[in-house]
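Below is one structure, written out as structure tokens; comments come after it.
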Amino acid sequence: MSHQALRARRGRFGVLAVAGAALLLAACAAPAQQAEPPSTSFSPSIVASSAGDPVTVPGLSSATSSSAEAPSPSPESSSAEPDPTPESTPVDAPQDDYTPPAEPPAPAPQEPAQTRDPATEQQPATGGGKIVVIDPGHNGANGSNPDIINALVDAGFGQTKPCNTTGTSTNAGYTEHEFNWGVATRLQSILSARGFDVRMTRNSDDGVGPCVNKRAAFGNDANAAAVVSIHGDGDDAGAQGFYVMTAERAPAGAAMAAQSEALASDMRDALVNAGLSPSNHLGSGGLWQRGDLAGLNLSLRPTVMLEMGNMRNSADAALMSSSQGQQQIAEGIADGVSAYLG
Ligand SMILES: [Zn+2]
């Protein structure tokens, strides 16, 4: 597409993005408690209502971190977002379940990805032990622990947000946290086999949190070479495709922001090569800068947050609910990481 066409499209996307953002917020993110001077293209009302689901940090218990904050007076998290986990019985203690992995997963023995399409096959890169942090959004017992996940935490640039949210789901009830976990564990296997040192911000899908600020700190503390946060969107049924989000403002300076943009660009290209389509609704060409996501605002490392599809769109939902679809998505993400760090 020509630059002019792209620009024109961008304009359209800008309008759509505003409308879409409101829906997105309703579906996938909890509203920010404190609207902050919106930076760019977001209207204040949208910023206020769009809290994404960001990334988090290690080590701390969210209960601890949130205790200092005034808990949100109104548990709003449920207002717009369908609670995808009505059935989930809390397995974990009602507390942020994050425990730092004792040691990084041992690199798996070299093995080719089973379902890779030869047409899109890429030579496995040598990870060289570079640290990649994978952040699977949300968690399985978030919905049954509102007191924990609704507590406000720092979201960067003067904003606060709920510790975490429940995420969205398909119309058939397949939850976003399960999708995120399925893709993350597949991605972990692929990247480990390529020689990367892979760390996960949560190590099960039946716990609570960790809070978004802790997820961000996790990547900072690990001095990650790349941080990839995985989510699925819950938008209008007609919206379809993935988008890659980066921080609108530069929390760690222009040079690091440029690294995040390079990671985002490589990621978008790799996802397209893997047969996935950029969003027809949000962002521009599969890329979108956001000012309201703690996982981006608080990260000091090259970081992208991925919305890998719209779980309310039938085609995306079918892809995202299937094992093959999750493998395809994980391979695309892995190729994006490899391209960036290769
Ligand atoms: Zn999400």
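A few comments on the model shown:
- Filter result for Val337 (in a helix (DSSP H, G or I), within 22 Å of Gln259 (Cβ to Cβ) and touching a residue at least 40 places away in the same chain (Cβ under 8 Å)): yes
- Gly209, sole failed condition from (1) out of contact with any Ser or Thr (no Cβ under 7 Å at 6 or more places or on another chain); (2) within 16 Å of the ligand (Cβ to nearest atom); (3) open to solvent by less than 20 Å² (accessible area, probe 1.4 Å); (4) not acidic (Asp, Glu): (1)
- Residue within region 135-148 that is assigned to a loop (DSSP other than H, G, I, E, B) and closer than 27 Å to Tyr340 by Cα present: yes
- Per-region count, region 266-285, residues touching a residue at least 40 places away in the same chain (Cβ under 8 Å) and part of a loop (DSSP other than H, G, I, E, B): 9
- Residues of region 150-193 that turn out to be part of a loop (DSSP other than H, G, I, E, B) and farther than 30 Å from Ala250 by Cα, as a count: 5
- Region 212-240 - residue that is within 16 Å of the ligand (Cβ to nearest atom) and among the small types (Gly, Ala, Ser) and, of those, surrounded by the fewest Cβ atoms within 10 Å (Cβ to Cβ): Ala239
- Qualifying residue in region 166-176 (condition: surrounded by fewer than 24 Cβ atoms within 10 Å (Cβ to Cβ) and of a type in the set (Asp, Glu)): no
- Residue within region 160-176 that is closer than 19 Å to Lys130 by Cβ and within 13 Å of the ligand (Cβ to nearest atom) present: no
- When Ala258 is tested against (1) surrounded by fewer than 17 Cβ atoms within 10 Å (Cβ to Cβ); (2) within 17 Å of Gly156 (Cα to Cα), just one condition goes unmet, and that condition is (2).
- Number of positions in region 286-328 that are of a type in the set (Gly, Ala, Ser), surrounded by fewer than 22 Cβ atoms within 10 Å (Cβ to Cβ) and part of a strand (DSSP E or B): 0
- Hey, Asp96 more than 16 Å from the ligand (Cβ to nearest atom) and at pLDDT 95 or above or not: no
- Hey, Phe179 within 16 Å of the ligand (Cβ to nearest atom) and either open to solvent by less than 10 Å² (accessible area, probe 1.4 Å) or without any contact (Cβ under 8 Å) to a residue 40 or more places away in the chain (or both) or not: yes
The values are calculated or read from the model by the stated rules, or taken from the named source; none is laboratory data. Small disclaimer: the values here were computed from a predicted structure and weren't measured. We place every Cβ from the backbone using ideal geometry, glycine too, and count neighbours over all the protein chains shown. Accessible surface areas use protein heavy atoms only, side chains included; no ligands, DNA or RNA. Shrake-Rupley method; radii C 1.70, N 1.55, O 1.52, S 1.80 Å.
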